[in-house]
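Computed from the coordinates by the stated procedures, all read-outs in this text should not be read as laboratory data. Since this is a predicted model, take the numbers as computed values, not measurements. A quick note on method: Cβ atoms are made from the backbone with ideal geometry, for glycine too, and the neighbour counts reach across all protein chains shown.
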Amino acid sequence: MLLNATGVPENPAGAGRYIYELARVAAAKPDLSLLLCTRRNDIRRWLGILQDAKHNRIIPVAPSSRPARMFYEEFLLQRLAGSIFADNPRLSRNLVLHGPHYVIPPFRSIAKVATIHDLTLVEHREWHEPSKVLYFTHAIKQAVAHAQALVCPSEYTARKLSDIFNPKCPIVVARHGIDLGLFCPSSPDIAVEDKELLESPGISRRYILHVGTLEPRKNIPLLIKAFDVIAERDKEISLLLAGGNGWRMGGIDKAIGAAKNAQRIKKLGYVSDRQVAALLRRAAAVCYPSAEEGFGLPAAEAMACGAPLVTTEDSAMAEMVGKAALLVPVGSFGLLVEALQVALAGGRETESRRLLGIEMSYNFTWEKSLKNHLKAYELALGG
């Protein structure tokens, strides 16, 4: 398995988290050889997970600058695979090149698998930077044309991919995993650790939490508007937005500026996984009202932590959480306010959903995700 990890940022989120976790569990599988292609200046963090040097190897050959790296992964990664074949001809029968973020080379001399995370770049171009739309739309079309198998993180995304592009190769659904050692319900010991961990940001009062990159499709202005209504009645509640700044932040900043209770809205920026888990466990409610996601990992992690959860119906998130969350139609302000009020009020039904979510979260592990990826690799090799 030749895994392209050249695009994983220093603080991985979303697709970056997926690539890191996939590499981690693949490296731990004794009967699988992992060849990990990285940037030349990005070696240290991978050394801890590639423990078996006999089966696993880091290949730090990609350029560091983004334009050069993008050119490398589309056109020169194939040359790397060719050189691996030359060094070890036996690999030619079972080596798969996996592009875990849409992109694979167009050449046919090696079995290829690509992960298609979502179709928003095609269906909702207004949610993304124009340069990303052009590049990744091209990458999706190329993957559909040249991959021997495709991976999607949800049935929801797989259906969209099939409906829009009708690929001739098989589509394998490999849901993301949750680090259940980190994202888990509270306990007396964990509660003490969480309190210490969150003292530095000064988080003490009851809060509604959103986790995720701040970008248009997350529907954060709608959440801010709904919070403002709730905050008028609940003088102790605040809204925390945990995640780095994305594209087109103006709408979010404008919504905060217009809120009557803007002083109770706090942007935390990027936070570590440990802090995210602590925030989820201590939240009065978690709201993930995104218009569309390929999987919606923050919602699944909230479920694993036992947080009262509100998210979007008819979505990948709804597929993941089932009856463990309150589901609201995309863009419905009134129903979002009602759902948040129900979650904050607690009660028997909220507790039942919370406990169901904890139970359901055990189905999401990165080991299970790898097992489904291996199915895709076998299909790509003609198995």
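Roughly what would the spin-label model give for His55 and Ser272, points 7 Å off Cα along C-beta, in nm?
3.0 nm
Set the bar at 19 Å for Cα to Cα. Now go through Lys29/Lys371; Lys112/Lys371; Lys132/Lys375; Lys132/Lys368; Lys225/Lys323; Lys225/Lys260 and name every pair that lies beyond it.
Working: Lys29/Lys371 10 Å; Lys112/Lys371 17 Å; Lys132/Lys375 30 Å; Lys132/Lys368 31 Å; Lys225/Lys323 25 Å; Lys225/Lys260 9 Å.
Cα-Cα > 19 Å for Lys132/Lys375; Lys132/Lys368; Lys225/Lys323; rest within.
Multiplying the sequence separation of Leu356 and Ala262 by 0.36 nm and subtracting their Cα-Cα distance, what value in nm do you get?
Gain in length upon complete extension: 30.5 nm.
So for Val276, Val173, fewest C-beta neighbours within 10 Å to most, what's the order? The partial results should precede the final answer.
Numbers: Val276 23, Val173 18.
The order, fewest Cβ neighbours first, is Val173, Val276.
As a footprinting exposure proxy, order His124, His98, His117 by other Cβ within 10 Å, with the fewest listed first. Show your work: numbers first, answer last.
Working: His124 15, His98 27, His117 24.
Ascending Cβ contact count within 10 Å gives the list His124, His117, His98.
On the principal axes of its Cα set, how long, how wide and how thick is the chain? Give whole Å, largest value first.
So the extents along the principal axes, rounded to whole Å, are 69, 43, 36.
Can you work out ³J(HN,Hα) from phi for every residue in segment 97-111, in order, using Karplus 6.51 cos²θ - 1.76 cosθ + 1.60 and θ = phi - 60°, giving whole Hz and x for Gly and Pro?
These are the phi-based 3J(HN,Hα) values: 8, 10, x, x, 9, 6, 8, 9, x, x, 7, 10, 7, 9, 5 Hz.
Run the helix sum for the chain: -39,500 (n - 2.57) per DSSP H stretch of 4+ residues, divided by residue count, reported at 222 nm to the nearest 500 deg cm²/dmol. Provide the component values of the computation, followed by the final result.
Numbers: 16 runs with 165 residues, N = 383.
Counting only the DSSP helices, I get -13000 deg cm²/dmol.
Report the equivalent ellipsoid semi-axes for segment 105-174 in whole Å, largest first, defined as the square roots of five times the eigenvalues of the gyration tensor built from alpha carbon atoms. Could you put the intermediate results ahead of the total?
Numbers: eigenvalues 76, 48, 16 Å².
Computed over segment 105-174, the values are 20, 15, 9 Å.
Normalising by the residue count of segment 188-361, find the relative contact order in percent from Cα pairs under 8 Å and 6+ residues apart.
Values: 314 pairs, mean separation 38.5, N = 174.
Normalised by residue count, the contact order of segment 188-361 is 22 percent.
Give me the number: length gained by fully extending Trp247 to Arg348, i.e. 0.36 nm times residue separation minus the C-alpha to C-alpha distance, one decimal in nm. Don't jump to the answer; show the numbers that get you there.
Working: separation 101, 0.36 × 101 = 36.36 nm, distance 3.98 nm.
Between Trp247 and Arg348, full extension yields 32.4 nm more.
Could you pull out every residue, at least 5 positions away or on a different chain, whose amide H is within less than 5 Å of the one on Val173? Hs are placed 1.01 Å off N in the peptide plane, and Pro or chain starts have none.
Cys152
How large is ³J(HN,Hα), in whole Hz, for each residue of segment 326-338 in order, when computed from phi with the Karplus curve 6.51 cos²θ - 1.76 cosθ + 1.60 and θ = phi - 60°, using x for Gly and Pro?
Each residue of segment 326-338 in turn: 7, 10, 10, x, 4, x, 7, 5, x, 5, 5, 4, 4 Hz.
Can you sort Trp247, Trp366, Trp46 from fewest to most other Cβ atoms within 10 Å of each residue's own Cβ? Could you put the intermediate results ahead of the total?
Values: Trp247 14, Trp366 23, Trp46 19.
If I rank by nearby Cβ atoms, fewest first, I get Trp247, Trp46, Trp366.
Could you give the alpha-carbon Rg of segment 1-114 over 2.2 N^0.38 Å, rounded to two decimals?
Ratio of Cα Rg to 2.2 N^0.38 Å: 0.98.
Using only Cα atoms, what Kirkwood radius does segment 188-361 have, in angstroms? Provide the component values of the computation, followed by the final result.
Details: mean 1/r = 0.0630 Å⁻¹.
After inverting the pairwise mean of 1/r, the radius is 15.9 Å.
Based on the Kirkwood radius over alpha-carbon pairs, what value in µm²/s does the Stokes-Einstein equation return for the translational diffusion coefficient of segment 1-50 at 25 °C and 0.890 mPa s? Walk me through the numbers before you get to the answer.
Details: Rh = 11.0 Å.
For these conditions, the coefficient is 222 µm²/s.
Give the peptides 10-16, 296-302, 205-211, 277-283 in descending order of average Cβ contacts within 10 Å, highest first.
Final packing ranking: 296-302, 277-283, 205-211, 10-16.
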